[in-house]
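Student: Take a look at the following structure, please.
Coordinate-derived values only; no laboratory data. Just so it is clear, the structure is predicted and the values come from calculations on it, not from any experiment. Every residue, glycine as well, gets a Cβ built from its backbone with ideal geometry; the counts of neighbours run over all protein chains shown.
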Amino acid sequence: MTSKDIELWLSKNIGFENPKLGLSRIERAIEKFPIDNKVKVVTVAGTNGKGGTSRLIYSGILKTNSAALFTSPHFESITERFSANGELIRESQLLELCERWFIRLKESQIDLSYFEFLFFIFYQWSSSLKVNYLVLEVGLGGKYDATNAIDADVALVTSIARDHQDYLGNTYKEILGEKIAISRKNKPLITAFSLDYLHQLVDEFQKDYQFQIKKINTDNLNFQQLNLALAVEALSCLNIRTNPEQKTHEYRIENTVFCPYGSHNLDAVRKLVHYLSQYYYTNSQEYFDLVVLSFSKRDKKELDAMLTLYKTLGVKVVLLSFDHFKAIEKYQMKQLAKDNGLEFVEDKTVIFKYKKVLISGSNYFIGEFLSSCSS
């Protein structure tokens, strides 16, 4: 039993991971099959930083209590989306849950999308474990994301930038409006914005949503420090006084260490490059030998701008293609490399002559690359 077996089952029975926003389907499923235990819920939205912040909150809760964490997307295994009390769900257990709940939902004439189905499975699985806390990373937006079918006791919006504009709108107000909808009346909403305009918008939305505003001071904080500050504030709102553990995720394949950063939009790349330039490279042992990138379909100007930023690191940068319906076509990746004076790599094995590699861009690319190289 492997993660690929589960993903094949999902693609056959549920469909591909493609956004299908709306709460009516997941709310109907949860109403039909309610859980019987009370939990505290932390929901984390944001253009960038929500995954790292969610994991920090989860690690902090686990120091004193039981908790389950739902995140997306995954890198190597789909089981990465399902964590409880520090352990990932077993692949065999996840497939068994998928098969069982698929039948029950079909019998009830409830048809869920890929993301909704996985979230529903997580909700039922975590309930069976009787955990006291759920930490939920929003998949896309917030207002119509499946995670918003569950009321949050603490809500966070980590950042706002223009991304997924087809779904979330083109203006900061539209984007923030989608994300801030995860908040609940008289419950804390934690934000970490550097723009005064965004603070003003939060104040405007507060009149309608009536949440308790908690604003993090972002002065002189890199994105890792900011995620930590958000997590500490969230834990404080839960009356948990612990220090979350900030772990660097690394994957060793043969003699090469891969460090994945899912920086898939311009704002995320700016933050990553700033962080690496100012902090990471002060320790020569942490220096990357190579940067490996590939992207999902995006505007050419944004792609060029991201590559320009990566080139400022002074490390060799190469581009690859990957097999996914959202990926940029191979011939377009080759042209992108040529336009930016970079090398396009056909043979992945040449990457393994490097000791430490930063791999970034599309999360789908990172997952496919790590999975294919380690299998």
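Student: Report the one residue of Val317, Phe258, Gln278 whose Cα lies farthest in the direction of the positive end of the charge dipole of the stretch 251-374 (charges on C-beta: Lys and Arg +1, Asp and Glu -1; origin at the Cα centre).
Tutor: Gln278
Student: Still on this model: Would you mind calculating the gained length between Gln335 and Trp9 on full extension (0.36 nm times residue separation, minus the Cα-Cα distance), in nm to one decimal?
Tutor: Between Gln335 and Trp9, full extension yields 113.8 nm more.
Student: Mind running the shape call on the stretch 251-374? Use the C-alpha gyration tensor, a ≥ b ≥ c as the square roots of the eigenvalues: rounded below 1.5 for a/c, prolate if a/b tops b/c, oblate otherwise.
Tutor: oblate
Student: Rank Leu201, Leu112, Leu176 by mean-square fluctuation in a GNM of the chain with C-alpha springs under 10 angstrom and give only the top-ranked residue.
Tutor: Comparing Leu201, Leu112, Leu176 in a Gaussian network model of the chain, the most mobile one is Leu201.
Student: Quick one: if the Förster radius is 25 Å, what FRET efficiency do Arg104 and Asp151 give, using the C-beta to C-beta distance and rounding to 0.05?
Tutor: Calculated value: 0.55.
Student: Given 0.36 nm per residue, what is the gain on full extension from Gln225 to Ser66 after removing their alpha carbon distance, in nm?
Tutor: Result for the pair: 54.7 nm of gain on full extension.
Student: A follow-up question, please. How far, in nm, would the chain grow between Glu204 and Thr349 when pulled straight, counting 0.36 nm per residue and subtracting the alpha carbon separation?
Tutor: 46.9 nm
Student: So what is the calculated 222 nm ellipticity per residue for the chain, using -39500 (n - 2.57) for each DSSP H run with n of 4 or more, over all residues, to the nearest 500 deg cm²/dmol?
Tutor: After summing the helix terms and dividing by residue count, I get -12500 deg cm²/dmol.
Student: For the chain, what is the per residue volume of the convex hull drawn over the alpha-carbon atoms, in cubic angstrom?
Tutor: Expressed per residue, the convex hull around the Cα atoms of the chain is 139 Å³.
Student: Starting from the 7 Å offset along Cα-to-Cβ, what nm value, one decimal, do you get for the label separation of Ala161 and Lys300?
Tutor: Result: 2.3 nm between the two label points.
Student: Moving on. Percent antiparallel among DSSP beta bridges with both residues in the chain, to the nearest 5?
Tutor: Just about 20 percent of them are antiparallel.
Student: Could you pull out the pairs from Lys143/Lys301; Lys271/Lys334; Lys173/Lys207; Lys271/Lys353; Lys50/Lys247; Lys215/Lys247 whose alpha carbons sit more than 20 Å apart here?
Tutor: Distance filter (> 20 Å) returns Lys143/Lys301; Lys271/Lys334; Lys271/Lys353; Lys215/Lys247.
Student: Can I ask one more? Which residue, chosen from Ser11, Leu293, Val157, occupies the Cα position most advanced towards the positive end of the dipole of the chain, where the dipole is computed from +1 (Lys, Arg) and -1 (Asp, Glu) charges on Cβ about the Cα centre?
Tutor: Val157
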